[in-house]
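Right, one structure below, let's go through it.
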Amino acid sequence: MKKKELLQGNEAAVRGALNAGCNFFAGYPITPSSEIVHGMARLLPKFGGVFVQMEDEIASISAAIGASMVGAIAMTATSGPGFSLMQESIGYAAMTESPLVIINVMRAGPSTGIPTAPSQGDVMQARYGSHGDYPIIVLAPASVGDMYRLTIDAFKLAFEYSSPVVVLSDEVVGHMRESVSLPPLGEKVECKGKVKNLFERKHRTGLAHLENGLPTTDLGEYRRLIERLFSKFDDLKPGVKFEGQKDAEVVLISYGSSYRLSKSAAKLLLRNGISTGVLKLETLFPFPEGEVRKFSKSAELVIVPEMNRGQLVKEVERVCCCRVKGVSYYGSLILPEELAKIVEVLL
Amino acid sequence: MKYAEYLRQDALPTLWCPGCLNGVVLASFIRAMRKSKIDRERTVVVSGIGCSGRMSQYLDLFTVHTTHGRALAFATGIKLANPSLNVIVFMGDGDALAIGGNHFIHACRRNIDLTAIVINNRLYGMTGGQAAPTTPEGEITRTSPYGNVERPFDLVKLAISAGATYVARFTAYHVRWLEKSIADAIMHKGFSVIEVVTGCPTHQKKKPADILEFLKSNFKRSDASFEEIRPSDIGVFKKEIRPEFCEKVWGLIL
């Protein structure tokens, strides 16, 4: 039975992970993601899982990948600076096709920034943070309920595609408390697909490798490997949600906590007689090109409000034929009234 | 003694330079594996980056070649997730003590049941012969052209201080002792460190025979106490039983 409770985004992520069967967590505390580390430390042993606090973020993700290689359902969680430290290993997980969930609760940066201020500044880092060419799945929750649901989805996708999956949350979503009805702790969701653990493939390496895992420097083999890594995601169905008027004049394309502001701003715009739609992106990468194109086809203006200096807006510009404008704000949220006013001026 | 059954024939020949002593360490490890009679099907070999990092790909076991310096962190995850596995970690001196220094001291501190074999050739081999944290003072390398001005680590003293419960040092010349020590370390419950002093014929521009001669004449068996251990002492310097990390973590479950 689902009952109403007041939960924090980070707590919902812990519940999602546990219900998805996560049985290994390695992490290092960092604001504003520490509640995930706290929750896992307290609850994992009760659910038969292993919690370990490593010496740093590099060690944390490395231990999680190691656990994943021997069949564990592994996760780590961090925030901005820690996420930067994890980048080399994210590329390694992509190259070795290790299923793994990484939650990044974004905070204001660059560098140490303001640890408790919200931001969406890690969008491009989540996609392109590690060196070399590799694909990755990035999901963006916008609410406490999303934190639960998308954490579970992240595990499902990680196993389905044998890949690291990033849940890109932000300080607002992570720390906000909402009244939600979620499945209770312990209500298991089956998400362990075909686990390719170490014992199925005898050698794992971040080097370019053949199918048996042994390294190669043959360029043909290298290209085949990279090609295969990218084409794995061809059939992935991105999570998007469109609300508002069909063929709207203005489309707000949004993710994370910015989506909530967009939704409120859209209501104000509608009240002022401007036909408006809101496209919520739950999958940021692989970038949902088709969906963005489809829902903005007849728009006159596409607005991408982001808590950064303009990151995802560039992806949107790439696929839209109409006018695309980013609305940047950072360090704190923007009021829906302000956002609506900006849209009206731009229109 | 048949080495072939432990080697991946399709991964041979090795990419090591002619005369490289990594082959001696590999052969000693294979003999130790047989000697210790551990279950091959439950043995995982983890390695880092560098010449020593390639150790894993030649062994026909479950093997993981990780990122630079992080072999112990990966191994910690493997062992913690499945404590019934025997996990052996090969690292170079740069791998274990420079980029991986943090993970090294924390693995010692935790006393997790891993066997860490650190191949110490006292420089960076694969990247072209630069100074390492183990390069002796005054030695000339690509990055210390006027002589190394840094003080080297003594791996044995570092491991003991940080809390490892089995600590030994041998060389690529003293292979019988080395092989016995590896077998002991694999059977030891807790974090074991074995430093294997080698050399690099390519970058030190020495004949392999001269390197072996150097190891033979300079390194002496010793049972010195902690304060008295010198960098040229070889032997088993620490062997104690202390609660093991995985047992403590798994003890919290249920």
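Could you run the Debye sum over the Cα atoms of the protein assembly as shown, one equal point scatterer each and no solvent, and tell me log10 of I(q)/I(0) at q = 0.06, 0.10, 0.12 Å⁻¹, two decimals? Normalising to I(0) and taking log10 leaves -0.36, -0.86, -1.12.
Which of the lysines could a cross-linker span from B:Lys205 if the Cα-Cα distance has to be under 19 Å and same-chain partners fewer than 8 positions apart are dropped? Correct list for B:Lys205: B:Lys216. Between A:Glu338 and B:Arg230, the modelled label-to-label distance comes to 7.1 nm, taking each label 7 Å out from Cα in the direction of the beta carbon.
Only beta bridges with both residues in the stretch A:90-227 are counted; by DSSP, about 15 percent of them are antiparallel. Rolling a 1.4 angstrom probe over the protein heavy atoms with all chains in place gives chain A an accessible area of 38 Å² per residue. Among B:56-65, B:99-108, the peptide with the highest mean count of other Cβ atoms within 10 Å heads the list, and the full ranking is B:56-65, B:99-108.
Per residue, the convex hull spanned by the Cα atoms of chain B measures out at 120 cubic angstrom.
Both radii were evaluated on the Cα set of the stretch B:79-176; the Rg over Rh quotient, with Rh as the Kirkwood radius, amounts to 1.01.
Listed by chain and number, the aspartates and glutamates placed with their C-alpha closer than 18 angstrom to that of B:Lys207 are B:Glu139; residues fewer than eight positions away on the same chain are left out. As a length-normalised measure over Cα pairs under 8 Å and 6 or more apart, the relative contact order of chain A settles at 18 percent. What pairs in B:Lys2/B:Lys206; A:Lys2/A:Lys267; A:Lys156/A:Lys314; B:Lys157/B:Lys248; A:Lys267/A:Lys341 have C-alpha atoms more than 20 Å from each other? From the list (B:Lys2/B:Lys206; A:Lys2/A:Lys267; A:Lys156/A:Lys314; B:Lys157/B:Lys248; A:Lys267/A:Lys341), the Cα-Cα distance tops 20 Å for B:Lys2/B:Lys206; A:Lys2/A:Lys267; A:Lys156/A:Lys314; B:Lys157/B:Lys248.
Mean sequence separation of contacting Cα pairs (under 8 Å, at least six apart), scaled by the length of chain B, corresponds to a relative contact order of 19 percent. Of the residues A:Ser298, B:Ser36, the one with the largest accessible area comes first in the ranking A:Ser298, B:Ser36, computed with a 1.4 Å probe on protein heavy atoms.
Restricting attention to chain B, close to 20% of DSSP beta bridges with both partner residues there are antiparallel. Measuring only protein heavy atoms, the 1.4 Å probe finds B:Arg109 accessible over about 130 Å². Taking every residue in B:41-47 and counting other chain Cβ atoms within 10 Å of its Cβ, the average works out to 2.
The fraction of Cα-Cα pairs per 10 angstrom bin, counted from 0 for chain A, comes to 6, 26, 33, 23, 10, 2, 0 percent, rounded to whole percents. Heavy-atom surface analysis with a 1.4 Å probe gives chain A a carbon and sulfur content of 52 percent of its accessible area. Using only alpha carbons, the stretch A:237-314 has a radius of gyration to Kirkwood radius ratio (Rg to Rh) of 0.94. Take A:Lys46: with every protein chain present and a 1.4 Å probe, its accessible area is about 150 Å². Kirkwood's formula applied to the C-alpha pairs of the stretch B:104-254 gives a hydrodynamic radius of 16.4 angstrom.
In the protein assembly as shown, the DSSP-assigned H stretches of four residues or longer account for a calculated mean residue ellipticity at 222 nm of -10500 deg cm²/dmol, using -39500 (n - 2.57) per stretch and the full residue count as denominator. Chain A packed on chain B takes about 2800 Å² of accessible surface away from a 1.4 Å probe, both sides summed.
Solvent exposure of the stretch B:152-254, expressed per residue, is 49 Å² of accessible area, with all protein chains present and a 1.4 angstrom probe.
Ligands, DNA and RNA aside, A:Arg149 has an accessible area near 90 Å² when probed at 1.4 Å.
When only C-alpha pairs under 8 Å and at least 6 residues apart count, what is the relative contact order of the stretch B:30-177, in percent? Intermediate results must be reported in sequence, preceding the final value.
Working: 268 pairs, mean separation 26.5, N = 148.
Once divided by the residue count of the stretch B:30-177, the mean separation gives 18 percent.
Looking at chain A, send over the antiparallel percent of its DSSP beta bridges, to the nearest 5. Of those bridges, close to 30 percent are antiparallel. The distance linking the stretch A:285-341 with the stretch A:126-196 is 22 Å (Cα centroid to Cα centroid, whole angstrom).
The alpha carbon centroids of the stretch A:46-90 and the stretch B:126-182 are separated by 30 Å.
Taking only the C-alpha atoms of the stretch B:187-254, Rg followed by Dmax gives 18.2, 58 Å.
The values are calculated or read from the model by the stated rules, or taken from the named source; none is laboratory data. The shown structure was predicted, so the numbers you read here are calculated from the model rather than taken from an experiment. FYI the Cβ positions are ideal-geometry reconstructions off the backbone, even for glycines, and counts take in every protein chain you see. SASA here: full protein model, heavy atoms, side chains in, ligands and nucleic acids out. Shrake-Rupley method; radii C 1.70, N 1.55, O 1.52, S 1.80 Å.
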